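Trainee: To start, I am sharing the structure in question, which I have written as structure tokens.
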Amino acid sequence: MSQLALPLKLQDHAVFESFLPAGNEALVAYLQDTVSTAKTAGGWIRGAQATGKTHLLQAVCERAGDKAQFLPMTDFIDTGPAILDGLANRQFLCLDDVDAVSGDADWELGFFSLYNALADAGGVLLCSAASAPRDCGFGLADLVSRFSQLPTFNLHPLDESERIQALQLRARHRGLDLPTESAGYLLNRSTRDMASLYALLDKLDAEAMIAKRRLTIPFVKEVLGLNQRS
């Protein structure tokens with residue numbers, strides 16, 4: 001995994017191969033084509049928390065390597081827009097949770113300048129937010145106009161059966177076998193958002209390695225009990 005210019009490291013699981021595209025096939029295909037050809041101006045991904053926005057942006061960066069930069073805005077709210085300086089030199093720029101700084105005049109001016117510089121350089125801008133650009137609370141009309149030029153994709157949440165498939169896909173990516181029964185048990189007895197489920201799968205992976213156990217329902221039940229007491 002490439003270490004990016006900023007002191008940020010991509011999550012090792014955040015690749016296209018570990019993302020279940022159910023209901024979001026068009027978005028995933030668009031992102032894969034974009035990172036392969038760099039022939040689009042980018043895109044705007046809107047969706048609720050823990051639906052996979054960060055995963056997809058990091059997957060783009062993982063595939064593009066040193067040509068890409070990932071920037072999670074929630075980590076840099078207090079840093080100020082000076083951190084955007086020079087980012088237009090990257091071929092792919094992925095800004096996660098752009099709406100975290102909406103309403104801040106300095107940040108909005110920084111985004112506006114960055115958008116124009118990146119467009120002039122022929123770069124690709126990919127952004128994520130909870131809503132479409134016009135509904136994010138930006139005060140700078142010209143910025144809303146620029147962001148609205150990007151194709152907008154709605155990231156659809158997974159239903160229950162798809163969440164089980166997503167857990168099994170992530171498990172296989174980690175070299176684990178997660179039986180459907182165990183995945184269903186996990187889904188029904190823990191927080192149902194995918195970020196929490198994936199975090200619990202990481203714990204199961206670690207505990208299974210230590211105990212040299214398979215991810216059976218008794219073992220999952222045992223780990224869930226430890227998790228609730230810790």
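The values are calculated or read from the model by the stated rules, or taken from the named source; none is laboratory data. The structure presented is a predicted model; accordingly, all values stated were derived computationally and were not measured. Cβ coordinates were reconstructed from backbone atoms using ideal geometry, including for glycine residues, and neighbour counts include every protein chain displayed.
Trainee: If Ser128 satisfies every condition in (1) farther than 28 Å from Thr34 by Cα; (2) touching an Asp or Glu at 6+ places or on another chain (Cβ under 7 Å); (3) not hydrophobic (A, V, I, L, M, F, W, C) but one, which is the exception?
Mentor: Condition (1) is where Ser128 drops out.
Trainee: Quick check: is even one residue across the range 133-147 touching a Leu at 6+ places or on another chain (Cβ under 6 Å) and touching a residue at least 40 places away in the same chain (Cβ under 8 Å)? Can you show your working first?
Mentor: First pass over the range 133-147, keeping only residues touching a Leu at 6+ places or on another chain (Cβ under 6 Å): none.
Checking the range 133-147: not a single residue is touching a Leu at 6+ places or on another chain (Cβ under 6 Å) and touching a residue at least 40 places away in the same chain (Cβ under 8 Å).
Trainee: Let me ask something else about it. For the range 123-131, does any single residue satisfy the condition of being hydrophobic (A, V, I, L, M, F, W, C), more than 19 Å from Asp75 (Cβ to Cβ), crowded, with 19+ Cβ neighbours inside 10 Å and without any contact (Cβ under 8 Å) to a residue 60 or more places away in the chain?
Mentor: No, the conditions are met nowhere in the range 123-131.
Trainee: Now for a separate question. Of the conditions (1) loosely packed, with under 14 Cβ neighbours inside 10 Å; (2) part of a helix (DSSP H, G or I), Lys203 clears all except one; give me its number.
Mentor: Among (1) loosely packed, with under 14 Cβ neighbours inside 10 Å; (2) part of a helix (DSSP H, G or I), Lys203 violates only (1).
Trainee: Of the numbered conditions (1) assigned to a helix (DSSP H, G or I); (2) crowded, with 17+ Cβ neighbours inside 10 Å, Arg172 satisfies every one except a single condition; which is it?
Mentor: Arg172 satisfies all of (1) assigned to a helix (DSSP H, G or I); (2) crowded, with 17+ Cβ neighbours inside 10 Å except (2).
Trainee: Taking the condition of being of a type in the set (S, T, N, Q), closer than 23 Å to Phe19 by Cβ and either modelled with pLDDT of 95 or more or within 17 Å of the chain's Cα centre (by Cα) (or both), how many residues in the range 140-164 meet it?
Mentor: Qualifying residue count for the region: 2.
Trainee: Here are some residues: Leu10, Leu109, Leu93, Leu20. Which one is buried (at least 17 other Cβ atoms within 10 Å of the Cβ), closer than 23 Å to Leu143 by Cβ, touching a helix residue (DSSP H, G or I) at 6+ places or on another chain (Cβ under 9 Å) and touching a residue at least 12 places away in the same chain (Cβ under 8 Å)?
Mentor: Working: Leu10 fails: closer than 23 Å to Leu143 by Cβ; Leu109 fails: buried (at least 17 other Cβ atoms within 10 Å of the Cβ); Leu20 fails: closer than 23 Å to Leu143 by Cβ.
None of the others qualify; the one that does is Leu93.
Matching residues to (1) within 30 Å of His156 (Cα to Cα); (2) aliphatic (A, V, I, L, M); (3) at pLDDT 90 or above:
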site	(1), (2), (3)
Pro179	yes, no, yes
Gly184	yes, no, yes
Asp193	yes, no, no
Ala199	yes, yes, no
Pro218	no, no, yes
Leu224	yes, yes, no
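Trainee: A further question follows. In the range 43-55, is there at least one residue being surrounded by 19 or more Cβ atoms within 10 Å (Cβ to Cβ), more than 30 Å from Ser196 (Cβ to Cβ) and in contact (Cβ under 8 Å) with a residue 24 or more places away in the chain? Walk me through how you get there before you give the answer.
Mentor: Initial filter on the range 43-55 (surrounded by 19 or more Cβ atoms within 10 Å (Cβ to Cβ)): 43-47, 51-55.
Subset that is more than 30 Å from Ser196 (Cβ to Cβ): none.
No, the conditions are met nowhere in the range 43-55.
Here's the yes/no breakdown for (1) hydroxyl-bearing (Ser, Thr, Tyr); (2) in a helix (DSSP H, G or I):
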| position | (1), (2) |
| --- | --- |
| His13 | no, no |
| Gly23 | no, no |
| Thr34 | yes, yes |
| Cys61 | no, yes |
| Asp66 | no, yes |
| Thr79 | yes, no |
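Trainee: Does Ile83 satisfy being assigned by TED's automatic domain parsing to the domain that holds Leu31 and in a helix (DSSP H, G or I)?
Mentor: Details: assigned by TED's automatic domain parsing to the domain that holds Leu31: yes; in a helix (DSSP H, G or I): yes.
So Ile83 passes the test.
Trainee: Which is of a type in the set (S, T, N, Q) and more than 15 Å from Gly123 (Cα to Cα), of Thr40, Thr51? Even if it seems obvious, please write down each step before you answer.
Mentor: Details: Thr40 fails: more than 15 Å from Gly123 (Cα to Cα).
Being of a type in the set (S, T, N, Q) and more than 15 Å from Gly123 (Cα to Cα) holds for just one of Thr40, Thr51, which is Thr51.
Trainee: Report yes if some residue within the range 23-33 is modelled with pLDDT under 95, on the phi < 0 side of the Ramachandran plot and not hydroxyl-bearing (Ser, Thr, Tyr); otherwise report no.
Mentor: Looking for residues that are modelled with pLDDT under 95, on the phi < 0 side of the Ramachandran plot and not hydroxyl-bearing (Ser, Thr, Tyr), one finds none in the range 23-33, hence no.
Trainee: Condition first: of a type in the set (Val, Ile, Thr) and out of contact with any strand residue (DSSP E or B) (no Cβ under 6 Å at 6 or more places or on another chain). Can you find one or more residues in the range 120-142 that meet it? Break it down stepwise before answering.
Mentor: Here is the first cut: in the range 120-142, the residues of a type in the set (Val, Ile, Thr) are 124.
Those still in the list that are out of contact with any strand residue (DSSP E or B) (no Cβ under 6 Å at 6 or more places or on another chain) too: none.
No, the range 120-142 has no match at all.
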